Amino acid sequence: MTGTNIRRLREFVIGMTGLVQRHGSDELAMLRMGGQLLGRLIAHDDWLPPAFAEPHHAHQQEYLLHCDPLGRCSVLSFVLAPGQKSPVHDHTVWCLIGILRGTARFDEYRHEGAGVPMKLTGEHLGRAGDIEAVSPIVGDIHVMANASRDQAAVSIHVFGGNIGGLMRRTYALATGEPHAFVSGYANRLLPNLWDRSLEAHG
């Protein structure tokens, strides 16, 4: 967990950039082939800088790792402290979630209209190495919770857009009432993917 092997993230970003160039308009292809790339990234836990895995005692943390210059995809680390969970929310674009550390619980919902309680359609656990896919095609509304009482849950999320700038919605469980939000990012600095000097001297 030293975060020294940043080349893994660089190679992932390069791979995803090529993928959105070729298949960015094909949501199912992005989920399938992007999931393969993400699986290779999270198979190792030696590349994420510690600053992008820090939990916050009061709320989830979303750290931007990379955003495509044309806004076609973004990559972030999503950190939940023990006991934390997201609100019920949608994504509006395709999204891949790779569990890097800890265990996450996913509760999936369907929105059946304002004034109607949210419909629970599925629930399962995700453990380190697992990949979760959500999108307007395969199902887009869920809650993500840390299933551990003593360990932060760290996952890597890849979205089909700059998710920190997209208008999305949370939903009230009891009434289905939607509320618009833009998530933004917790960090002001990005990891340096492009300096290869240390690798050249290694």
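Readers should treat all values here as calculations from the given coordinates under stated rules, not as data from a laboratory. On a predicted model such as this, the values are computed, not experimentally measured, just so you know. We place every Cβ from the backbone using ideal geometry, glycine too, and count neighbours over all the protein chains shown.
Reported count of residues in the range 1-54, each being outside any helix (DSSP H, G or I), under 22 Å from Asn187 (Cα atoms) and of a type in the set (A, V, I, L, M, F, W, C), is 5. The residues listed here are Gly15, Gly35, Gly39, Gly71; of these, the one that is touching a helix residue (DSSP H, G or I) at 6+ places or on another chain (Cβ under 6 Å), in contact (Cβ under 8 Å) with a residue 12 or more places away in the chain and not aliphatic (A, V, I, L, M) is Gly15. Restricting the search to strands (runs of 3 or more DSSP E) fully inside the range 94-202 and requiring at least 1 residues that are β-branched (Val, Ile, Thr), touching a residue at least 40 places away in the same chain (Cβ under 8 Å) and surrounded by 12 or more Cβ atoms within 10 Å (Cβ to Cβ) gives 95-101, 103-110, 131-134, 141-146, 153-159, 168-171. Of all residues in the range 165-197, those being over 17 Å from the mean Cα position of the chain (by Cα), over 30 Å from Val116 (Cβ atoms) and of a type outside the set (A, V, I, L, M) number 6.
Here Leu70 clears all of (1) in a loop (DSSP other than H, G, I, E, B); (2) within 15 Å of the chain's Cα centre (by Cα) except the condition numbered (2).
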